[in-house]
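The values are calculated or read from the model by the stated rules, or taken from the named source; none is laboratory data. Owing to the predicted nature of the structure, the values given are computational and were not obtained by experimental measurement. All Cβ positions, even for glycine, are placed from backbone atoms using ideal geometry, and neighbour counts span all protein chains on display.
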Amino acid sequence: MDPAAAHNATAAVPGIPRDSDGPVFREPWEAQAFAIALALHARGLFTWSEWAASLADEIKRAQHAGDPDTGETYYRHWLANLERLISAKGVATRDTLHRYRDAWDHAADRTPHGQPIELKPEDFGS
């Protein structure tokens with residue numbers, strides 16, 4: 001992850017869990033979701049102000065639906081926001097995102113613990 005890009009993101013997007021060294025993550029998938037957002041921003045898919053506004057809306061929706069806002073779900077909102085923006089910008093449809101999520105779940109189920117998860121054509125089913 002590019003440290004300068006991570007710094008720019010943490011400066012532009014309020015609420016990113018961080019310490020004095022930069023963003024912090026509780027799970028590897030959180031860092032991966034953060035890195036995906038950095039890459040999409042670098043490619044011009046969205047500005048950080050657009051991202052921050054969209055993420056704030058996502059968090060408000062989740063809170064309205066009962067999310068207790070303890071901070072433990074921050075990157076779940078981040079991921080939901082990624083999916084929403086990717087779909088809204090026409091990069092992938094919601095159906096495509098769900099298809100890949102299901103394939104990933106299938107691949108994870110067949111992968112022994114501690115081994116890298118690898119998507120295969122059969123993970124996509126029919």
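A quick yes/no check of all residues on (1) closer than 19 Å to Ala39 by Cβ; (2) of a type outside the set (Val, Ile, Thr):
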{"residue": "Arg61", "(1), (2)": "no, yes"}
{"residue": "Gly66", "(1), (2)": "no, yes"}
{"residue": "Thr70", "(1), (2)": "no, no"}
{"residue": "Trp78", "(1), (2)": "yes, yes"}
{"residue": "Arg84", "(1), (2)": "yes, yes"}
{"residue": "Ser87", "(1), (2)": "yes, yes"}
{"residue": "Val91", "(1), (2)": "yes, no"}
{"residue": "Arg94", "(1), (2)": "no, yes"}
{"residue": "Leu97", "(1), (2)": "yes, yes"}
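Where residues in segment 111-126 are surrounded by fewer than 13 Cβ atoms within 10 Å (Cβ to Cβ) and over 18 Å from Trp29 (Cα atoms), which of them is modelled with the lowest pLDDT? The selected residue is Ser126. Is one or more of the residues making up segment 82-95 among the charged types (D, E, K, R) and surrounded by 15 or more Cβ atoms within 10 Å (Cβ to Cβ)? The answer is yes; a qualifying residue exists. Evaluate segment 12-20: report whether one residue or more is under 17 Å from Ala88 (Cβ atoms) and among the acidic types (Asp, Glu). Within segment 12-20, none of the residues are under 17 Å from Ala88 (Cβ atoms) and among the acidic types (Asp, Glu). Within segment 58-76, being surrounded by 11 or more Cβ atoms within 10 Å (Cβ to Cβ) and on the phi > 0 side of the Ramachandran plot holds for one residue alone: Asp69.
Here Ala103 clears all of (1) free of Cβ contacts under 8 Å to residues at least 40 places away in the same chain; (2) touching a strand residue (DSSP E or B) at 6+ places or on another chain (Cβ under 8 Å) except the condition numbered (2).
Matching residues to (1) touching a helix residue (DSSP H, G or I) at 6+ places or on another chain (Cβ under 6 Å); (2) at pLDDT 85 or above:
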{"site": "Ala5", "(1), (2)": "yes, no"}
{"site": "Thr10", "(1), (2)": "no, no"}
{"site": "Ile16", "(1), (2)": "yes, yes"}
{"site": "Phe34", "(1), (2)": "no, yes"}
{"site": "Leu38", "(1), (2)": "yes, yes"}
{"site": "His41", "(1), (2)": "no, yes"}
